[in-house]
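Quick notes on the structure that follows.
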Amino acid sequence: LNQDKAGVIRRLIYYYERGDGLFKIKKSPAKVRELLLRSVEFNDPVSMVKLALQIESEANNPDRYKQAYALFEKARKLQYPPAYYYSGVYFENGLSEKQDNKM
């Protein structure tokens, strides 16, 4: 099942984010990014939000808000609660395609 695969990938992400002496895994932001992209392919909303937050923080990416918003919206459509918050923030601040303070 896709959710099982995404869950396993999320566990690997956890180890690569922090490093783990027991499994001899070193911290690797590049590996985390690669695993997040793979997990997003399985429609995992948790990974979508994590990847969107990473993309949002990339100052050298001119389309970062557009890409992050697309991931937040995709996760919101999968009914992942934190995605509702982030999508709302984008609407409120006009970072999405339109501004809507009521959302």
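The values are calculated or read from the model by the stated rules, or taken from the named source; none is laboratory data. Values in this document were obtained by computation on a predicted structure and should not be read as measured data. Every residue, glycine as well, gets a Cβ built from its backbone with ideal geometry; the counts of neighbours run over all protein chains shown. The accessibility values were calculated without ligands, DNA or RNA, using every heavy atom of the protein model including side chains. Shrake-Rupley method; radii C 1.70, N 1.55, O 1.52, S 1.80 Å.
Would you mind stating whether Gln79 is without any contact (Cβ under 8 Å) to a residue 40 or more places away in the chain, assigned to a loop (DSSP other than H, G, I, E, B) and not charged (D, E, K, R)?
Yes: the conditions hold for Gln79.
Checking the structure you have, find out if any residue of region 26-48 is surrounded by 16 or more Cβ atoms within 10 Å (Cβ to Cβ), over 23 Å from Asp4 (Cα atoms) and touching an Asp or Glu at 6+ places or on another chain (Cβ under 7 Å).
Among the residues of region 26-48, not one is surrounded by 16 or more Cβ atoms within 10 Å (Cβ to Cβ), over 23 Å from Asp4 (Cα atoms) and touching an Asp or Glu at 6+ places or on another chain (Cβ under 7 Å), which makes the answer no.
So if I check each of Glu73, Glu58, which one is in contact with a Ser or Thr (Cβ under 7 Å, 6 or more places away or on another chain) and open to solvent by less than 50 Å² (accessible area, probe 1.4 Å)?
Glu73 is the lone residue from the list that is in contact with a Ser or Thr (Cβ under 7 Å, 6 or more places away or on another chain) and open to solvent by less than 50 Å² (accessible area, probe 1.4 Å).
Would you point out which residue out of Ser39, Ser57, Ser47 is hydroxyl-bearing (Ser, Thr, Tyr) and in contact (Cβ under 8 Å) with a residue 40 or more places away in the chain?
Ser47
From the list Arg38, Arg33, Arg76, exactly one residue is touching a Phe, Trp or Tyr at 6+ places or on another chain (Cβ under 8 Å) and at pLDDT 90 or above. Which is it?
Arg76
Does Glu92 fit the bill of being at pLDDT below 85, in a helix (DSSP H, G or I) and open to solvent by 90 Å² or more (accessible area, probe 1.4 Å)?
yes
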